[in-house]
Amino acid sequence: MTATVPAAPLKSNPMRSFAVPAQWRARIGYLALLAVLAYLVVLPMIRLQALAFENGAQGYQSQYGRFDIGETIRTTIALAIGSLVIAMVLGTLLAFAASRLPARMGFLKIVPILPIVMPAVANIVGWAFLLSPGPGYLNVLLRKLPWWSGTDSGPIDVYTVPWIIILTGFGLTSFVYLFVSAGMQNISSEHLEAAQVSGSSTIGVFFRVVLPLLRPSLIYGGGIALLLGLGQFTGPLLLGQNTGVNVLTTDMYRRVSESPSDFAAAAAAGSPLVILGIAVVLIQKLLLGNQNRFVTHGGKAFAPSGGRARWATMTLVVYALVALVIPLVGLIVVSLTPYWSGALSWSLFTLDNFRELFANTAVIESVVTSVVTSFGAVLICVPIGYIMANLLVRGRRFRVLSLTGDLITALPLGIPAVIFGVGFLLTYTEPPLILYGTRTVIVLVYVVLMLPFATRMQMTAMLSLGNAYTEASATSGASPMVTNLRIMLPLMRPAILSAVALMFILLTHEFAASLLVRASTTQVMGTLLYDMWQNGSYPQVAAMALLMTAVTTVGVGAAMVVGGRNVLSNL
Amino acid sequence: MRVRTAVATVVAAALVVAIAACGSSPASSGPVDGDWAEVVAAAEAEGSVFLYSTQHPDNLARLKTAFEDEYPGITLEFVRGTDVEINPRVETENRTGKGTADVHMTSDPAWITTAAESGRYSTPIVGPAFDTAGYERDRSVLDDRLFLVSAAVFALGWNTSALPGGLQTPGDLLTESLRGKIGVVNPAGFAAVVDEYRFFDENWSPDFNRRLAALRPRVYPSALGVAQALNSGEIAATPMVQPLVREQGAGAPVGWVLPQPAWGTPWYSHVLTSAPHPNAAQVLADFLVTEKGQTALSAGYGSALPDIPGAVARAQDIPLPDTSTLTADSVSRFQQEWRERFMP
């Protein structure tokens, strides 16, 4: 904030020598906030590690001495790499297709983001209803084909590792799409047109021009998707238990949730993921260096022109069908039947499951808890993210603070949510702050999980605005407060609303960390759905998954009303 | 800079306020010293009671109706889960002093024995129903704290579309045509299920588990999950499911039969020391062993009182498994062997 520096000597306050200088006040303010964030983000990790190393590293011995640990690690790696490959290929293809859409089909650009609106738990159970080897509806249909007829099971078994990888890859595709399509927008259409004029085909343009230019976005998006893949929990937990598929995150969950709980072993199980997460975050910092270098002028001349490609429309429509419509149909059919069965008849259909669902006070409470905790966390996160973004963008004078802030706010993206769940469960079931069973602990863990999004999204907006506006405002005599309120906030409104929408969507879906910190009376929608799944009440599970999707859709609708229709495409 | 300092302070303060505001603890009134009428009066003043149980949700829903009919001033809420999920919650609530549950009903023999010996989780029961002749207090109460309420007996089950002929004996399951179509319960975290698998080898045939595992059965987290998988046709048969009385009532295509001998395990309950409603907890504990409570709880299960309609056995006749063979070490060794055998 260079503008404030010349202002200080102009003040002729006789008490000045007794007051804390402005720069130090800022430093102390940042330090206080960083201390709070470090307590939230770093302390649970340290406590977990301390526990794992107790009694001669008993936690590590117990976790890595297990007979099946080799298999668990192999599955974890296969899941991460397999789902990464699927997500990268699909995400890039979709982003390219979206950039070639005919103008009147522009609304389809939102399609690859829509699966984010459908909670992962809902999506996974939807697929289970479709691809379970016996009664899965798609399997029943496939068995009508001549080469699969005559069997009463298969041909697809959704409970096996390859299918868990495929579904996880589908889930990660939206994230890769977000990163890649952002990169795609920065490719000048002159390049594409030049290539086409020189006689290159669409495929040639894609491989010779688009892919090389996308390399930075692909590496960044790939890094994030790899970490998300390593930390995957929902798919392996829900689908893997039938066939004994274990990954490190499900191991952690079981170690903590089975009696007697073994936090030390759970901490040890999470260590490779924490180390990898920190490594990826640090490598990204080193590779990107000073982020100010990336301030780019986003003038209109760079906007890529639309295409007329029919294949692009087809690709997005097929993706929408597979990723969204088909699992939703599976959920709707099961939710309308008294028990899940491959043999359907019209006489079975009933709305009883929904009646039961809405008569269940626990369900209503879980919706309220989800909305209240998500909203609470978003409200806390936005100002924190704004301040941290300010520190990162303009805090060149606070190098150490800025670096620390950068690391603390990036860590939750690198470390799987399950690990934060375990860390929070350990930290807040013991003095000094016993928060077990309260909504507060859910809000706190949500704040931590959303820190990277709140900070990065606002930081990107600040970077692209540059210093010109704040300097002009300061030169015109506005105080920093006025500059922030009247210049920065209005200019950043779209970015902030996008951040609010994304965080709200991600939080109403949150499952992994919530599952660990919830208590019997403090459930969010995802954890209640999981309990229903464990109890085998499949029609209720389907109805609950639809309810969850509906709540998020209403949330997104509200965000669109407040933030304009482009909120989602700004993500 | 001042602005950011101020905002930072406000945010930090907001966090602290949020923590303080939401971190409320449930009000505990403490159990009253006095006769039963005073306990009931105090329970009505508390107004609600919370039960953790591993029983079938339908039975628990019937219990709720029956209890609230008997005590209109007290609302009964419950959470149904497996022992694997519920027992750690009880332990956490005990450790943090932040109780949610008032009464806990479990079928984990190792947990029951440890809890009875330590006395750490439970308070002594005071209700009059425990002294009725039919309940046989001497056979039904452990250390004045844990009391018998019910018992599960496990049946052979099948899907009638997939297996129209059904099953008569456990040996009928061990056939090649059922490869990949049998459902079993994962014993991870379940001492009772470990006992059940041992029972198969000891009572049905010495290599029952080995042959069962060779048929690559599907694994479920609980017997309720197995029952639903039978309903849906995801599996065709199982050696370990509760009597499918309710499922048949709902029109699901399933059949069941109790094998000879059948494995069972008793359910014990206790009033928790961390109970936020200690008097209502005593009233619920008492109600569980009355005729009305037993009638609500016993469909498809063994009952703790004689002549309860819908009960499939007498709970007192189903002994608590010998927990000396269910030490933490031997259970975890068995679970490892089971995993190597059933999920190679």
Volume per residue of the C-alpha convex hull in region A:423-517, rounded to whole Å³: 118
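On average, how much accessible surface per residue is there in region B:182-320, in Å², for a 1.4 Å probe, leaving out ligands, DNA and RNA?
Numbers: 3750 Å² over 139 residues.
I get 27 Å² per residue for this part.
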Give me a comma-separated list of calculated 3J(HN,Hα) values for region B:322-331, in order, Karplus coefficients 6.51, -1.76, 1.60 applied at θ = phi - 60°, integers in Hz, x for any Gly or Pro. 5, 6, 5, 8, 10, 5, 3, 5, 5, 5
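So what are the protein assembly as shown's ellipsoid semi-axes, whole angstrom, largest first, if each one is the square root of 5 times an eigenvalue of the alpha-carbon gyration tensor?
The answer is 51, 35, 23 Å, longest axis first.
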Note down the Stokes-Einstein diffusion coefficient of region A:63-168 in µm²/s, whole number, using a Kirkwood radius over alpha carbon pairs, 20 °C, and 1.002 mPa s. 129
Can you work out the Karplus-derived ³J(HN,Hα) for every residue in region B:94-107? Use 6.51 cos²θ - 1.76 cosθ + 1.60 with θ = phi - 60°, whole Hz, and x for glycine or proline. 5, 5, 8, x, 9, x, 10, 7, 9, 10, 10, 10, 9, 10
Which of the aspartates and glutamates could a cross-linker span from A:Lys144 if the Cα-Cα distance has to be under 18 Å and same-chain partners fewer than 8 positions apart are dropped? A:Asp152, A:Asp157, B:Glu234
Name the residues of region B:83-97 whose accessible area falls by at least 10 Å² when all protein chains are present instead of the chain alone, probe 1.4 Å? B:Val84, B:Glu85, B:Pro88, B:Arg89, B:Glu91, B:Thr92, B:Glu93, B:Arg95, B:Thr96
Report, in whole Å, the centroid distance computed from the Cα atoms of region A:334-383 and region A:193-210. 48
Can you tell me what share of the DSSP beta bridges in chain B is antiparallel? A percent to the nearest 5 is fine. 60
Along its three principal axes, how long is region A:156-252 when you only count alpha carbons? Whole Å, largest extent first please. 55, 27, 14
Based on C-alpha coordinates, I'd like the Rg and Dmax of region B:84-225, in Å. 19.3, 55
In deg cm²/dmol and to the nearest 500, what is the mean residue ellipticity at 222 nm of chain B if only DSSP H runs of at least 4 residues count, each as -39500 (n - 2.57), divided by the residue total? -12000 deg cm²/dmol
The computed P(r) of chain B puts the percent of Cα pairs beyond 37 Å at 26
With solvent modelled as a 1.4 Å probe, how much accessible area in total do chains A and B shield from it at their shared surface, in Å² to the nearest 100? 5200
Expressed as a whole-number percentage, the relative contact order of chain A with C-alpha contacts under 8 angstrom and at least six residues apart is 22
Take every DSSP beta bridge with both residues inside the protein assembly as shown and express the antiparallel ones as a percent of the total, to the nearest 5. 60
Overall dimensions of region B:45-137 by Cα: Rg and Dmax, Å: 14.2, 39
What list of ³J(HN,Hα) values in whole Hz, one per residue of region B:187-196 in order, does the Karplus curve 6.51 cos²θ - 1.76 cosθ + 1.60 (θ = phi - 60°) give from phi, with Gly and Pro shown as x? x, 4, x, 10, 5, 5, 6, 4, 4, 5
Total charge dipole magnitude, chain B, about the Cα centre, Cβ charges on Lys, Arg, Asp, Glu only, Debye to nearest 20: 1580
Between region B:146-222 and region A:219-234, what's the alpha-carbon centroid distance in Å? 39
Residues in region A:210-255 occluded by at least 40 Å² - accessible area, probe radius 1.4 Å, against chain by itself: A:Gln241, A:Asn242, A:Gly244
Give, ordered by residue number, each residue of region A:509-530 whose 1.4 Å probe accessible area is reduced by a minimum of 20 Å² on adding the remaining protein chains to the chain alone. A:Arg518, A:Ser520, A:Thr521
Could you check how much of the accessible area of region B:245-344 is carbon and sulfur, as a whole percent, using a 1.4 Å probe? 52
What would the Debye formula give as log10 I(q)/I(0) at q = 0.13, 0.24, 0.25, 0.27 Å⁻¹ for the alpha-carbon point model of region B:131-206, no solvent? -0.63, -1.22, -1.27, -1.35
Could you calculate the FRET efficiency of B:Thr175 with B:Asp69 from 1/(1 + (r/R0)^6), where r is the beta carbon distance between them and R0 is 56 Å, rounded to 0.05? 0.70
Under a 5 Å amide H to amide H cut-off, with H placed in plane at 1.01 Å, what residues pair with B:Thr75 once short-range neighbours are removed? B:Ser48, B:Val49
If amide H atoms are built 1.01 Å from N in the plane of the peptide, which residues on other chains or at least 5 residues away come under 5 Å of the amide H of A:Arg66? none
Tell me, what is the percent relative contact order of chain B, built from C-alpha pairs under 8 Å that lie six or more residues apart? 26
Please report the relative contact order for region A:108-256, taking Cα pairs under 8 Å with a sequence separation of at least 6, and give it as a percent rounded to a whole number. 26
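Tell me, what is the per residue accessible area of region A:159-243 in Å², probe radius 1.4 Å?
On the way: 3370 Å² over 85 residues.
Per residue, region A:159-243 has an accessible area of 40 Å².
Would you mind counting up the charge near B:Tyr135? Only other residues with Cβ under 12 Å from its Cβ, with Lys and Arg at +1 and Asp and Glu at -1.
Net charge in that neighbourhood comes out at -2.
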With both bridge residues required to lie in region B:102-259, what share of the DSSP beta bridges run antiparallel, to the nearest 5%? 70
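Provide the per residue accessible area, probe 1.4 Å, for region A:19-95, rounded to a whole number of square angstrom.
On the way: 3610 Å² over 77 residues.
For region A:19-95, the solvent-accessible area averages 47 Å² per residue.
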Give the Rg/Rh ratio for region A:335-469, taking Rg as the radius of gyration of the Cα atoms and Rh as the Kirkwood radius, to two decimals. 1.19
Taking protein heavy atoms only, a 1.4 Å probe, and rounding to whole percent, the accessible area of region A:49-149 owed to carbon and sulfur comes out at 70
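Can you give the net charge of the other residues whose Cβ lies under 15 Å from the Cβ of B:Arg339, counting K and R as +1 and D and E as -1?
+2
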Amide H contacts of B:Val271 (H built 1.01 Å from N, under 5 Å, at least 5 apart or other chain): B:Thr123
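The values are calculated or read from the model by the stated rules, or taken from the named source; none is laboratory data. None of the values given here were measured: they were computed from a predicted structure. FYI the Cβ positions are ideal-geometry reconstructions off the backbone, even for glycines, and counts take in every protein chain you see. Please note that ligands, DNA and RNA were not included when accessible areas were found on the heavy atoms of the full protein model with its side chains. Shrake-Rupley method; radii C 1.70, N 1.55, O 1.52, S 1.80 Å.
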